[in-house]
Amino acid sequence: MTKIISSNLGYPRIGEKREWKQALEQYWDHSISEKELLDKTKKLRLENLKKQQDLGIDLIPVGDFSLYDHVLDTSVMFGVIPNRFDYHGGKVSLDTYFAMARGVKHAVASEMTKWFNTNYHYIVPELESIKPTVTENLPLTYYKEAKQELGIDGKPVILGPITYLKLSKGYEEKDFGHLLHAFLPLYIQVFKELEEAGVTWVQLDEPIFGTNLSEEILANTRQAYEAIQDEVPNLNIIIQTYFESVVQYKEVVDLPVKGIGLDFVHGESLSLIQEYGFPKDKVLAAGVINGRNVWRADLENNLQLLADIKQTVESDRLIVQPSSSLLHVPVTKEQEEDLDVTIKGGLSFADEKLVEVVTLTEGLKNGKQSVNEELQKSKQELERLRNSTLRTNKEVKANIENLNEDDIKRSVPFNQRIKKQQEHFHLPLLPTTTIGSLPQTTEVKKTRTAWRKKQITTNEYEQFVRDYIKKWIGIQEELGLDVLVHGEPERADMVEYFGEKLNGFTVTKYGWVQSYGSRCVKPPLIVGDVYFDQPMTVKEAVYAQSLTDKPVKGMLTGPTTIYNWSFVHNDVPRKTVLNQIGLALRKEIEALEENWIKIIQVDEPALREGLPLDRNKWQDYLEDAVYAFKLATASVKDDTQIHTHMCYSDFQDIFDTIDALDADVISIETSRSHGELISTFEENTYNKEIGLGVYDIHSPRIPSKEEIKQNINRALKTISSKQFWINPDCGLKTRKEEETIEALKTMVEAAREIREEL
Ligand code: GLN
Ligand code: ZN
């Protein structure tokens with residue numbers, strides 16, 4: 001290779017208008033056939049490729065597209081299909097594929113969990129008793145398609161063996177080498193077929209190298225890559241890492257492949273190459289455009305970064321690219337017509353990022369002057385944003401500086417507070433509740449859209465919201481739940497909603513990114529100092545409470561979750577932004593309390609996923625998260641009960657943090673990880689109250705009473721019934737009305753029966 005080339009690591013699947021989501025959901029609803037689904041998604045896939053081709057990207061990824069999730073695709077490609085899905089060899093059907101993702105009547109879905117520190121969820125491969133085999137060479141299929149249809153010589157993207165296995169479950173650590181050995185021939189077969197088809201570059205994603213790996217795994221890794229090198233010596237494999245610099249840098253860059261992809265935006269890749277050098281025989285794929293946020297790059301700085309990189313790696317061995325797949329950012333800012341021009345000027349979504357990549361490649365090739373205009377433009381736009389009045393609020397800055405330890409302490413410890421709370425609420429043993437949202441039917445979504453488009457008045461919309469609340473308070477009372485919720489009908493999304501109300505935020509119209517399956521979220525943008533200016537949730541909570549004698553929970557999203565699920569400007573340290581959000585929520589909580597809302601839930605589902613990949617960075621992150629949560633919640637009265645909710649079960653290693661949040665009650669997802677969480681409580685003592693999700697809400701399947709009772713009883717073996725709450729795994733917004741009522745009815749019955757058996 002003699003010239004610098006531009007590359008991409010992955011492109012959003014969803015389409016400019018979420019066409020992908022629509023097609024999938026139509027198929028699941030049986031309103032389109034399999035063929036129609038495949039046609040629609042093929043069209044979209046080709047459009048995505050064509051766009052990248054037109055933008056001038058040299059190395060275009062293929063096989064990054066998926067009908068659900070790329071980890072699930074890898075499992076299907078290798079026949080990693082749990083027995084309960086009745087798979088008997090051959091090509092895996094689309095229905096089996098979706099069954100693994102979503103569950104079917106006779107078989108629960110596979111566990112779903114967050115992809116590294118992102119809000120993207122992948123389907124966890126289950127390796128118990130499987131015999132891996134190549135069922136279909138998916139990357140090859142996609143490679144051929146791109147070549148035939150568009151003449152693109154694509155770069156197949158494949159999830160690397162070390163990452164794939166590390167993200168899987170169903171084996172013990174000591175068997176890692178053995179398993180790797182079993183998968184290796186399959187990878188080699190896939191590679192050989194790619195090589196035969198004329199593939200030049202392969203992107204082998206190994207983001208796991210951004211985490212801390214044991215010596216043994218590193219040794220296994222080395223052997224595996226040597227075997228690959230022996231078998232396909234001419235295939236140019238790039239080991240692609242992202243989201244963090246490589247923790248065991250020397251070992252990884254020495255692996256026998258043609259290229260290494262490093263993230264120069266997150267972590268310390270530049271100092272690593274400067275300190276330890278970079279192998280002379282390898283290509284460096286340099287991720288310099290941030291694939292994780294939406295802000296325009298300062299191209300001059302980026303060009304300088306590339307110049308610094310060039311000190312170590314000559315330019316004929318350089319590939320210029322985003323820091324990660326663009327799956328994590330929206331498609332294009334082109335459609336954002338209503339956005340403030342200063343803000344819009346400072347933005348860069350996937351398509352705009354690719355333009356930046358191309359510009360940088362140009363600049364590196366032909367000198368800075370050749371792209372001078374673009375460099376100036378990026379500087380001006382960023383400066384305009386930085387100087388805008390949207391950016392700074394002096395009072396907020398001062399408040400943050402004056403914080404002290406008392407601001408984050410509840411007035412008495414948990415064991416004293418809980419007594420007062422019990423006296424106040426008189427809840428039964430094993431109180432039942434839900435996590436907050438109730439079904440967002442098409443009617444709810446349509447009405448919200450109509451209101452946004454000004455087709456109905458605010459009065460009409462608010463009346464609709466009140467009717468919903470009233471209906472569901474009635475349903476919850478009838479079901480016999482103990483602590484009720486208003487159901488969140490006014491929120492399209494738990495972060496976007498607060499983004500719309502808090503100062504310092506902006507929301508986009510089409511800024512969607514995939515979260516799990518067909519579900520997309522639209523993260524708000526934090527453009528300036530964040531502060532509270534008027535109550536955000538009080539009206540709905542108070543109305544709901546006025547309809548019932550049972551307590552209604554106030555429902556807020558916590559600081560770390562708001563932070564992690566927003567696109568945050570990068571001028572101010574994380575801690576400052578977190579505390580600004582914390583202070584704003586504190587005011588909201590005080591407003592709820594003044595209006596007699598005595599149970600307030602502050603959700604932190606994103607706390608865990610935001611953990612840095614590199615464990616050495618965990619402590620700082622967790623301390624900041626705890627501080628901001630306590631800042632939000634600590635000012636309440638002793639008999640006001642603070643709840644929190646987290647949707648994951650991988651809990652062991654942050655147990656102390658969860659305790660340190662000092663919430664009176666926590667609810668956690670459990671059932672989708674098939675109960676592994678409970679062992680955490682065998683090893684740790686937790687004295688506060690806790691609800692472990694007793695059924696999976698991600699699947700349309702309605703749990704049986706026996707199943708729920710089993711889940712509860714299993715938990716009660718380790719957790720005292722005095723501490724235990726009964727709730728579903730997570731919010732119910734994605735479920736249908738009948739499903740929800742049926743499932744909750746079963747849950748309440750299960751709770752009653754267990755109370756009697758105690
Ligand atoms: N209260 C939110 C809801 O029920 C929590 C959602 C979540 O944890 N992701 O929808
Ligand atoms: Zn949840």
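The numbers here are math on the coordinates, done by the rules we state, and not lab data. No experiment lies behind these values; they were computed from the predicted model shown. Cβ atoms come from the backbone with ideal geometry, glycine included; neighbour counts cover every protein chain shown.
Distances between placed amide hydrogens fall under 5 Å for D205 paired with I158, L159, G160, Q240, all partners being 5 or more residues away or on another chain. In the chain, the longest principal axis of the Cα atoms and the axis of helix 414-425 are about 60 degrees apart.
What the Cα convex hull of the stretch 682-735 gives, in volume per residue, is 85 Å³.
Annotation: amide H of T211 within the under-5 Å range of V247, sequence separation 5 or more or interchain, hydrogens built in the peptide plane.
When the gyration tensor of the stretch 57-104 is built from Cα positions, what are the square roots of 5 times its three eigenvalues, in whole Å, from largest to smallest?
Values: eigenvalues 121, 25, 12 Å².
Output for the stretch 57-104: semi-axes of 25, 11, 8 Å.
Measure up K50/K509; K40/K353; K166/K722 against 28 Å on the Cα-Cα distance and list the ones that go over. Mind dumping the intermediate values first?
Working: K50/K509 24 Å; K40/K353 26 Å; K166/K722 37 Å.
Over 28 Å apart, Cα to Cα: K166/K722.
Counted over the chain, the DSSP beta bridges are approximately 15% antiparallel.
Taking a point 7 Å from the Cα of E231 along the Cα-to-Cβ direction, the residues of the stretch 58-79 with backbone N closer than 19 Å to it are 74-79. Tell me which aspartates and glutamates have Cα within less than 13 Å of K736's Cα, excluding those fewer than 8 residues away on the same chain? Of all the aspartates and glutamates, those that pass the test against K736 - Cα under 13 Å, at least 8 places apart if same chain - are D29, E443.
I'd like the antiparallel share, as a percent to the nearest 5, of DSSP beta bridges with both residues in the stretch 255-366. Spell out each step's value before the answer.
Numbers: 1 of 11 bridges.
Within the stretch 255-366, antiparallel bridges account for around 10 percent of the total.
In the calculated pair-distance distribution of the stretch 578-698, the portion above 20 angstrom amounts to 45 percent of the Cα-Cα pairs. The packing ranking, built from the mean of other Cβ atoms within 10 Å per residue, places the peptides 474-485, 25-36, 552-563 in the order 552-563, 474-485, 25-36, highest first.
Please give the helix 34-55 orientation as an angle from the longest Cα principal axis of the chain, in degrees from 0 to 90, rounded to the nearest 10. Approximately 60 degrees, to the nearest ten. Between the amide H of L59 and those of S6, S7, N8, distances stay under 5 Å, these residues lying 5 or more places away or on another chain, with hydrogens modeled in the peptide plane.
Relative to a virtual label point 7 Å from the Cα of N402 in the Cα→beta-carbon direction, which members of the stretch 524-557 show backbone nitrogen distances below 20 Å? In the stretch 524-557, the label zone of N402 (backbone N under 20 Å from the point 7 Å along Cα→Cβ) covers 529-534. List the residues of the stretch 102-127 whose backbone N lies under 14 Å from a point placed 7 Å from the Cα of D175 along the Cα-to-Cβ direction. Once the point is set 7 Å along Cα→Cβ of D175, 126-127 turn out to lie under 14 Å by backbone N, inside the stretch 102-127.
Taking label positions 7 Å along the Cα-Cβ direction at both D316 and K3, the computed distance is 1.4 nm, reported to one decimal. Based on alpha carbons, the Rg and Dmax found for the stretch 614-758 are 16.1, 48 Å.
When ranked by the protection proxy of mean other Cβ atoms within 10 Å per residue, highest first, what sequence do the peptides 678-689, 624-635 form?
Values: 678-689: 14.8, 624-635: 23.7.
Packing order, densest peptide first, comes out as 624-635, 678-689.
Taking the empirical scaling 2.2 N^0.38 Å for compact globular proteins as reference, the stretch 396-487 has a Cα radius of gyration ratio of 1.63. Where the alpha-carbon atoms of the stretch 366-522 are placed on the principal axes, they occupy 73, 48, 34 Å, in descending order.
The stretch 165-227: percent of C-alpha pairs farther apart than 19 Å?
Values: 732 of 1953 pairs.
That tail contains 37 percent of the Cα-Cα pairs.
Report summary: the helix-based calculation at 222 nm, which adds -39500 (n - 2.57) for every DSSP H run with n ≥ 4 and divides by the residues of the chain, gives -13500 deg cm²/dmol. The smallest convex shape that holds all Cα atoms of the stretch 192-333, its convex hull, gives 121 Å³ per residue.
Using Cα centres only, tell me the gap between the stretch 534-602 and the stretch 454-514 in whole Å. Taking the Cα centre of the stretch 454-514 as reference, the centre of the stretch 534-602 is 14 Å away. Sequentially through the stretch 650-655, phi angles give Karplus couplings (6.51, -1.76, 1.60; θ = phi - 60°) of 7, 10, 2, 7, 10, 3 Hz, Gly and Pro residues having no value and appearing as x. Report note on the peptides 248-256, 205-213: ranked by the mean count of other C-beta atoms within 10 Å, highest first, their order is 205-213, 248-256.
Phi-derived couplings, Karplus 6.51 cos²θ - 1.76 cosθ + 1.60 at θ = phi - 60°, listed residue by residue for the stretch 278-286: 9, x, 5, 8, 10, 8, 9, 8, 9 Hz, with x used for Gly and Pro.
Please tell me the relative contact order of the stretch 107-234 in percent, rounded to the nearest whole number, where contacts are Cα pairs under 8 Å and at least six residues apart.
On the way: 121 pairs, mean separation 34.2, N = 128.
RCO, the stretch 107-234: 27 percent.
Helix 19-28 and the long axis of the chain differ in direction by around 60°, with both axes built from C-alpha atoms.
Taking a quarter of the surface of the Cα convex hull of the chain gives a mean projected area of 30.9 nm². For the stretch 97-165, the relative contact order is 15 percent, taking Cα pairs closer than 8 Å that sit 6 or more residues apart in sequence and dividing their mean separation by the residue count. Here the Karplus curve 6.51 cos²θ - 1.76 cosθ + 1.60, taken at θ = phi - 60°, turns the phi angles of the stretch 494-509 into couplings of 5, 9, 3, 4, 6, x, 6, 9, 7, 6, x, 9, 9, 10, 9, 9 Hz, with x standing for Gly and Pro.
Over 29 Å between Cα atoms, which of K51/K522; K43/K446; K379/K454 qualify?
Working: K51/K522 22 Å; K43/K446 27 Å; K379/K454 37 Å.
Cα-Cα > 29 Å for K379/K454; rest within.
Work out the FRET efficiency for D281 and D620 from their Cβ-Cβ distance, taking R0 = 41 Å, and round it to the nearest 0.05.
Efficiency computed from Cβ-Cβ geometry: 0.65.
Using alpha carbon coordinates only, what is the Rg to Rh ratio of the stretch 1-153, with Rh defined as the Kirkwood radius? Intermediate results must be reported in sequence, preceding the final value.
Numbers: Rg = 16.6 Å, Rh = 16.9 Å.
Value, to two decimals: 0.99.
Can you grab the distance from the C-alpha centre of the stretch 257-331 to the C-alpha centre of the stretch 87-109, Å, no decimals? For the stretch 257-331 versus the stretch 87-109, the Cα centre distance is 39 Å. Structural size metrics of the stretch 282-361, computed from C-alpha coordinates, are Rg and Dmax of 13.7, 46 Å. Straightening the chain between E594 and K42 buys 193.2 nm, computed as 0.36 nm per residue apart minus the Cα-Cα spacing.
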